[in-house]
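Here is the structure we will look at, set down as structure tokens.
The values are calculated or read from the model by the stated rules, or taken from the named source; none is laboratory data. Quantities reported herein were computed from a predicted structural model and do not represent experimental measurements. With ideal geometry, Cβ positions are generated from the backbone for all residues, glycine too; neighbour counts draw on all protein chains shown.
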Amino acid sequence: MKIILRLAGVAVAGGLAFWLWTVWFPSPEKQVLRQVARLAATANFSPGDGNLTRAGKAGNLVSEFANEAEIVYEIPGVGGRTLDGRDEIREAALGAFASLSALKVEFTDATARIGPDQQSGEVTCTARVSTGDSKDFGIQELRFQLKKSGGDWLITRAETVKTLQ
């Protein structure tokens, strides 16, 4: 009986050690997926958020991007635009956060691929975006390219994916 209890204790300790290892040292895939999820969470704001909160969120949003980042988007019915660098991204974020009453962004079906060098990665996902108090939402497929810089993953390029209509 003592042997069974000891083996069970060793199995529990081993399982706990493995779980702690995956929490403290997640795989690169989990790290980039977490980065993109953090981007979506940072982009959300409600009508009750004040100007200082929105400005802070815009600053946090920009910090998810590399200095030389590029955003290329084309929204059906609205048109397309390219943003080069953190300054343009900041200006666009501040403008959007000031002109919209609310914004809700969700990224679903996210998949990550890490390059062979373990320093670059790509995430594809589906964005579901609603603005204001509207129950309607837009859906767009996105692709993010990320690069590891100083232990952090930063977005170097974000683009909408053209799909068949």
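Inside segment 60-91, residues that are of a type in the set (A, V, I, L, M, F, W, C), surrounded by fewer than 17 Cβ atoms within 10 Å (Cβ to Cβ) and either in a helix (DSSP H, G or I) or at pLDDT 90 or above (or both) make up a count of 1. Taking into account only those residues within segment 129-147 that are at pLDDT 90 or above and of a type outside the set (Asp, Glu), which is nearest to the chain's Cα centre (by Cα)? Looking at the filtered set, the residue picked out is Phe144. Is it the case that some residue within segment 39-53 is under 23 Å from the mean Cα position of the chain (by Cα), closer than 30 Å to Val161 by Cα, charged (D, E, K, R) and modelled with pLDDT under 90? Looking through segment 39-53, none of the residues is under 23 Å from the mean Cα position of the chain (by Cα), closer than 30 Å to Val161 by Cα, charged (D, E, K, R) and modelled with pLDDT under 90.
Of the residues contained in segment 3-23, none is found to be in a loop (DSSP other than H, G, I, E, B) and either in contact with a helix residue (DSSP H, G or I) (Cβ under 7 Å, 6 or more places away or on another chain) or modelled with pLDDT under 90 (or both). Could you say whether any residue in segment 52-59 is over 24 Å from Phe144 (Cβ atoms) and surrounded by fewer than 10 Cβ atoms within 10 Å (Cβ to Cβ)? Checked segment 52-59: at least one residue is over 24 Å from Phe144 (Cβ atoms) and surrounded by fewer than 10 Cβ atoms within 10 Å (Cβ to Cβ). The selection criterion, being closer than 23 Å to Lys57 by Cα, of a type in the set (Gly, Ala, Ser), part of a strand (DSSP E or B) and modelled with pLDDT of 90 or more, does not hold for Ala112. Once segment 128-144 is narrowed to residues that are under 18 Å from Ile71 (Cβ atoms) and touching a residue at least 40 places away in the same chain (Cβ under 8 Å), the residue that is surrounded by the fewest Cβ atoms within 10 Å (Cβ to Cβ) is Gly138. May I ask you to verify whether Val123 is at pLDDT below 90, part of a strand (DSSP E or B) and β-branched (Val, Ile, Thr)? Judged against the criteria, Val123 is not a match.
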